[in-house]
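The values are calculated or read from the model by the stated rules, or taken from the named source; none is laboratory data. All figures in this text were calculated on a predicted structure; none of them were measured in a lab. Quick reminder, even Gly has a Cβ in these numbers, built from the backbone with ideal geometry, and neighbours come from all protein chains shown.
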Amino acid sequence: MATSYRASGFTGPHARARFLTAYDRTLDRLWPVPVRAEDLTTSLGTVRVYRAGPAGDDPVVLLAGAGGNALSWYRHVGPLAGRRPVLVVDPLGEPGRSEGTGPIPDGDAVGRWLLEVLAACGARRAHLVGSSFGGWTALVAQRQDAERRIAALTLVDPAGLAPLDRRFLRWVLLGGLAALLPAALRRRAARRLVNGTLLESELLALGVAGRGFRRRLPTPPVLTDAELAAVEVPTSVLLGARSALHDSAAVAERIARAAPHWRVEVVPDAGHALQLEAAGLVVARVLGEPAAEAEAG
């Protein structure tokens, strides 16, 4: 579905400078392991990637959700990098250090830039881990992966598996308002809205600094049963039982019917911010650890 023909970007140089100052400060405060920053050229712009962990052509590639960037994975990169090569991506079209050169109107464009990043990094057996919009990004990239660079997918409460629930728009709106509250009230709002992002003071401050960014990316269309069934690589899906994005039980039933070769887990008490609410569980599933070894983040 093509919904946008203008490129994402900041409203002006001052807005960009304000955000990048906050971004660099947040990176310094939150990043738990040494990383190597690289800016990779693609047909749709320059993509900032952070490498961590050992060298190898089988990296775990972390893809943030809408409005997010590499920094949203700060809880995951340390334990993952202790075991695997890790690439953490600032997605094109989102507020971060990647810079687009043109519009990204549809899923084909989204998948294309990611596959070009994998090629530039020399990845041959990548394990894509995507949250929300990042999960849909992983799926559309795998669909176009003629060179078979993608070896596995872990999708964390991904978009594109069900029609957008009206509850989600309310959840986003109320979360944006709650982000402006004092910390004690934010904690109460996080419980009420089932939104662990409201507990992330540093990431919330970065979000405020990025209000001069205009995001223009496609709304993920619902993938068909045939498209789900056609995914050949090992695929794991983590769904928040209390997600506002969709009816997780219905999504799990749909996957079981359309793509029974996928592994699906509905995480009790977790919401759409599952990536942050259960970071330890996400890491454990990416590393293939059994439930007994997983710790909630």
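Assorted remarks:
- Inspection of the stretch 155-170 finds a residue satisfying the criterion of being of a type in the set (A, V, I, L, M, F, W, C) and farther than 27 Å from W113 by Cα.
- All conditions but one from (1) part of a helix (DSSP H, G or I); (2) at pLDDT 95 or above; (3) not hydrophobic (A, V, I, L, M, F, W, C) apply to S243; the one that does not is (1).
- P95 vs. criteria buried (at least 18 other Cβ atoms within 10 Å of the Cβ) and either touching a strand residue (DSSP E or B) at 6+ places or on another chain (Cβ under 9 Å) or in contact (Cβ under 8 Å) with a residue 40 or more places away in the chain (or both): yes
- Residue in the stretch 15-28 that is surrounded by 17 or more Cβ atoms within 10 Å (Cβ to Cβ) and either of a type in the set (S, T, Y) or closer than 27 Å to P221 by Cβ (or both) present: yes
- Each residue in the stretch 277-297 was checked for being at pLDDT 95 or above and touching a strand residue (DSSP E or B) at 6+ places or on another chain (Cβ under 9 Å), and 7 of them qualify.
- A single member of E232, E253, E227, E277 is touching a Lys or Arg at 6+ places or on another chain (Cβ under 8 Å) and of a type in the set (D, E), and it is E227.
- Qualifying residues in the stretch 181-200 (those that are part of a loop (DSSP other than H, G, I, E, B), of a type outside the set (D, E) and at pLDDT 95 or above) - the one surrounded by the most Cβ atoms within 10 Å (Cβ to Cβ): N195
- Of all residues in the stretch 141-170, those satisfying the criterion of being touching a Gly at 6+ places or on another chain (Cβ under 8 Å) and within 19 Å of L239 (Cα to Cα) are L153, T154, L155, V156, D157, P158, A159, G160.
- Looking only at residues of the stretch 273-289 that are at negative phi and not in a helix (DSSP H, G or I), we find that the one that is surrounded by the fewest Cβ atoms within 10 Å (Cβ to Cβ) is E289.
- Restricting attention to the stretch 211-227, the residues being in contact (Cβ under 8 Å) with a residue 60 or more places away in the chain, outside any loop (DSSP other than H, G, I, E, B) and either of a type outside the set (A, V, I, L, M, F, W, C) or crowded, with 21+ Cβ neighbours inside 10 Å (or both) number 2.
- Of all residues making up the stretch 124-146, the number that are of a type in the set (A, V, I, L, M, F, W, C) and assigned to a helix (DSSP H, G or I): 6
- Across the stretch 249-272, the number of residues qualifying as within 21 Å of L128 (Cβ to Cβ), surrounded by 23 or more Cβ atoms within 10 Å (Cβ to Cβ) and among the small types (G, A, S) comes to 1.
- When the stretch 119-139 is filtered for residues that are of a type outside the set (G, A, S) and crowded, with 24+ Cβ neighbours inside 10 Å, the ones remaining, listed by number, are H127, L128, V129, F133, W136, T137, L139.
- Boolean, L203 is buried (at least 17 other Cβ atoms within 10 Å of the Cβ), under 15 Å from the mean Cα position of the chain (by Cα), in a helix (DSSP H, G or I) and of a type outside the set (S, T, Y): yes
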